[in-house]
1. What are the residue pairs meeting all of these: first residue in region C:255-283, first residue within 14 Å of another protein chain (Cβ to nearest Cβ) and free of Cβ contacts under 8 Å to residues at least 40 places away in the same chain, second residue part of a helix (DSSP H, G or I) and buried (at least 21 other Cβ atoms within 10 Å of the Cβ), Cβ atoms under 9 Å, and 6 or more apart or on different chains?
2. Being part of a loop (DSSP other than H, G, I, E, B) and either more than 9 Å from chain B (Cβ to nearest Cβ) or closer than 22 Å to C:Leu56 by Cα (or both), is that true of even one residue in region C:299-314?
3. Would you be able to tell me the number of residues in region A:62-89 that are in contact with a Lys or Arg (Cβ under 9 Å, 6 or more places away or on another chain) and closer than 19 Å to C:Lys348 by Cβ?
4. Does region C:29-48 contain any residue that is among the small types (Gly, Ala, Ser), closer than 30 Å to B:Thr106 by Cβ, assigned to a helix (DSSP H, G or I) and away from chain B (no Cβ under 14 Å)?
5. When the residues of region C:243-293 are filtered to those that are acidic (Asp, Glu) and modelled with pLDDT under 95, which remaining residue is surrounded by the fewest Cβ atoms within 10 Å (Cβ to Cβ)?
6. A:Lys284 - would you say it is farther than 25 Å from B:His295 by Cα, among the basic types (Lys, Arg) and surrounded by fewer than 18 Cβ atoms within 10 Å (Cβ to Cβ)?
7. Got a number for residues in region B:190-200 being more than 7 Å from chain A (Cβ to nearest Cβ) and crowded, with 21+ Cβ neighbours inside 10 Å?
8. Here is a list of conditions, (1) away from chain A (no Cβ under 14 Å); (2) assigned to a helix (DSSP H, G or I); (3) at pLDDT below 95, and B:Glu187 meets all of them except one; can you say which number that is?
Amino acid sequence: MGQDMIELKGVTKQFPGVLANDAIDLSIEEGEIHAIVGENGAGKSTLMKILYGLQQPDKGEIFFRGKAVKISNPSVAINMGIGMVHQHFMLLPSFTVAENIVLGIEPRKRSIFMDYKKAVEITQDLVRTYGLKVEPQLKVRDVSVGIQQRIEILKALHKGADILILDEPTAVLTPQETEELFVVIRKLVKELNKTVIIITHKLQEVMALSHRVSVMRQGKLIGTLETKDASEQIIAEMMVGREVLLEPLEKTTVEGKTILEVNHLKSRDNRGLLALRGVNLHVKEGEILGIAGVEGNGQSELVEALTGLREIESGEVMVFSKNLAGKSPREIRESGIAHVPEDRLITGLSKDATITENMMMGLHDQEPYAKKGIHTNKQTIRQRVETLIKKFDVRTPSQDVLVENLSGGNMQKIVIAREFAFDTPILIISQPTRGVDIGAIEFIHQQIVEKRNEGCAILLISAELDELFRLSDRIITVYEGELTGTFNNGEISKKEIGLYMTGKRKLSKEGGA
Amino acid sequence: MLGQVFNLSLLQNTIRTATPLILAGLGGLLTMHAGMLNIGMEGMILLGAFFGVVGSYFFASSFMGVVLAVVVGIIIGVIYGFFVIELKSDEFIIGIAINIFAGGLTIFLLRSIFGVKGAFSSPGIVSLPRISIPLLDQIPVLNTIFNNHSVFVYISWVLVVLTYIFLYKTPYGMWIRAAGEYPEALETVGVRAKRMKYISSIACGVFCGFAGAHLSLGYLTLFTENMSANRGFIALAAIIFGASNPIKTFAAALLFGFFDALGIRLQVVGIPSQFTQMIPYLMTVVILFIVAKKHMMQKKKVQKEEGAIQ
Amino acid sequence: MKKVFNKKDMEYLISLFLSIVVALIIGGFIMMANGSSPFEGYRALIRGAFGSQYSLANTFGRTVPLILTGLAAAISFRSGIYNIGGEGQLYLGAFAAAYVGITFTSLPGPVGILLAIIAGAVVGGMYAFIPALLKVRYKIDEVITTIMLNTVAILLTDYLVNYPFAASQGKMGGTDMVEGSYRLTRLVPLSTFNTSIFMMSFIALTIYYIMQKTSAGYKFKMVGQNSSFANYGGIDAKKQMIIAMIISGGLCGIAGVFEVLGTHYRFLQNISPEYAFDGLLIALIVKSNPIGVVFMAIFFAALKTGSITMENTTSIPSELVLVIQSIIILFIAGEAGFKGMFKNFLMKRKLQQKVGEE
């Protein structure tokens, strides 16, 4: 490796209530691929935003090639040769590819006019130099996610980036696209002498790609390792603190009958494209059926279709032999399905409302909480909420606190408490522990298994394979809106299931019930 | 009787009544492109009209009238920008506040500066110059329609072209549009999105200042209470009708100006003018409906085609 | 009953108080610039609003349309749909009342009054239904459509009273007088204070009850705060928005009815001095709280009636109150932003102190 390109010393950033970066010391060497890993909220993105001038550190120094620098805005970073590809692409959908690439440093005619022809030429030159194919004249909204990422990379390179920061670049990519991206990154480093910083939480990628890896946890930099000296285990332990000792979950066997059955379900995503291409599945009483898949392969649409939040094009959703397809969310709830949605702040809660108001959703016009379905009965509601707060260990001074003032874990507990307390025979649970601290994860897992042991049929969707393997009795894999396999837990390894999740392997369709 | 209504001076009046709509429309579409729906244009025009008269009267110069109208426009543009951009207040509440503020302040000042109620008119107010185009007076019809208008009529046409070039042919216009579409994307390439938004809201203030000065100093030289008379909202309608494109907005403003002029002439001959006055407002609702409906149909069509393939 | 004020409400009340005080101080400076004494000005204003039985009657008479339009705006804002079209709905409601009052003249008084109220509410509600439907069915911004439809309604009534329904005697932009027995009794001689205040109170209490104490009120609130959450919880958000909008339009229509039956006894082409816009501002200032609407409506009414006395006894034009009102709005709209700036500033200072200590 080469010299230190960038050195951070004692970089600290405070946000209201969170110390996002706590005295970070980090050095990036020229010509290396440096991975930065950590759990959600560990402070990786904040650190990179500081490096790119989007955030200002409250304390600490940054050295660039040995000289102290102050990166007060992205222009400074760009001039230093730092480029960044954000997790959410910073592209203008209604502008063309060429316009996006030259944005900020447009070629000009007579110094005030935009030279669009030149912009197209520049783009074509970039395509030739770096071997990343894009169509300069297309509108960005008309190209795929993988291409959009290429545009981002070209945009950064065009601005003269020697150091490329990639924030969770594979989160939205298919396995093939991920492979292609890795090839590009290696080429940039080896042949063109660029330096790459890659932020990720996927350890396989760290092992496959990086030269060195820095681990962050709760705003602190835990350490930097040579990747060849590290293993996934070591890095994982650094990420979570100490070896995580999870209490074993006690599962009792419940022999139940099938109560949720989905046949040939088809539905479309928000863009009008077919997201579910004839899904078949069934869940039995006392069973947790886990759904594994790379995000964006129809899981969200499946949950929404089953709960009445998305229009169903064709197919059946049978609950106790009654078809619920096309029914309203309300009718579906009344037929016995409760639902923990994937995003609590978008769908699961109103953050401007109190805990009580959030907990009474669905009961607001039911006896005895509303007399004759009209007059709200505060007394009974408060009692119920009080009980649930205790049972689900929601940490709050009172039930009149606004939800926005609670931590992610406590918010999630409110959603789970409300939905579990409906005591429905079927539960659909999506991403139950996303952005939740470890203590709360453990608690939530126990609650889910308890429900299962009571005989509830549970459909569990999670992006965390560990979670699926820990909780599920059976796992099915989805790829591009189709089921690619179904396995009893213990039948298949995490590595192997990856092949089904990426459509590289397929079992014949799950038949009927 | 129809001859009294539909004649050359109707077209001449159209040009004249469309001008404030064009000017305010250009200002409003700049903020629209920068991602702000400005309903404060009504108040901005009113302030421009009032301070145009103040400047013209006290400095005995129509140019100073325009300068004062523009200065006030800039101040209001900065205030609007500060609240919407910096404090992230609801743009429509700020717009309403500006309208009420303008309505109250102009009447208040009308009384305390000029000591009159309702309207102020005086020979001391210098009107804006009229422009006579040399060769045009040789051509009979065109001369009547297009010649000898107040200076802002011609300025507004030039501004239409300039605004179009600015928005679509220069990097700055691109940045304004980017600031409206996805400000973070602009920030990350090193251009301040906030700055672009401020520029657009100040430009809107300036353009509305022009519109106001044209109203009070262009043909008649007077200020009357609430003399903007909904023009800010008609300009908004023109922007929506013109899909925020300067050329199309210009066309919509001319169209709405025509109905305005037609209404005035109908009144003169005793035909109810309310329905012609209604047209811009109704057309806006209708066009929004048509656009939304078309959008939905397209989506359905795409689904059908895709369904056929699968 | 125990009233729980959470921290956010408390902070808001303080901001509101500060906004009003600062706006009044700015108003005072403007009075000084005008060459008048702010103390005299405000004294005249208060006297004009509350100083005598007559002025009190005028102030409270004015609260009738303001509370109705304020609640109308509040219920729509709460449900996440912005009814800016109150003015148009008010005009149509008023016209409907006048139509009933000059057409069905042989009904017993109370029946005629009730019929007029119903007609006004229905017409106002239906007129609000159009933008509501466009919003939920076609996702068309209701702010723009209601603004546009305002002018359409005002122009339409303008046409109606100048042509087909013009008063039989003299052309003055108004209808004939409504049937005598439909006119609401004046409670204080010479003032316009009339029995509509009782009906308004009944309606306001009903709205308060619906908004604060029923499952319907809960639905409105949840739809307004997060419509995805409401849908997920089994509430039909679209339906709630439409209902809220119809109620909102109906209330504005009724406000128009009372102007006709209680104040003018006929429809006039400029019957409302932008009551619905005042109502909008009232609802915005108190963040759609129904009790807040009542207090703020009294404040607005007092400013208005007081300002007329102020203008007559001092040389301060009454429009000053519009300036004061708009400044309050600006501060309230910027409240969250100002608070954020202030908190940021405090945090930075605290952090700098910490750094300094090390």
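1. The qualifying pairs are C:Pro273/C:Lys304.
2. First, the residues of region C:299-314 that are part of a loop (DSSP other than H, G, I, E, B): C:314.
Subsequent filtering for residues that are either more than 9 Å from chain B (Cβ to nearest Cβ) or closer than 22 Å to C:Leu56 by Cα (or both) retains C:314.
Yes - at least one qualifying residue is present in region C:299-314.
3. Counting residues in region A:62-89 that are in contact with a Lys or Arg (Cβ under 9 Å, 6 or more places away or on another chain) and closer than 19 Å to C:Lys348 by Cβ gives 1.
4. Looking through region C:29-48, at least one residue is among the small types (Gly, Ala, Ser), closer than 30 Å to B:Thr106 by Cβ, assigned to a helix (DSSP H, G or I) and away from chain B (no Cβ under 14 Å).
5. C:Glu274
6. Considered against the rule, which asks whether it is farther than 25 Å from B:His295 by Cα, among the basic types (Lys, Arg) and surrounded by fewer than 18 Cβ atoms within 10 Å (Cβ to Cβ), A:Lys284 comes out as no.
7. 5
8. (1)
The values are calculated or read from the model by the stated rules, or taken from the named source; none is laboratory data. Note that the coordinates shown come from a computational prediction; the quantities given were computed from them, not determined experimentally. Glycine gets a Cβ as well: all are built from the backbone with ideal geometry, and neighbour counts include every protein chain shown.
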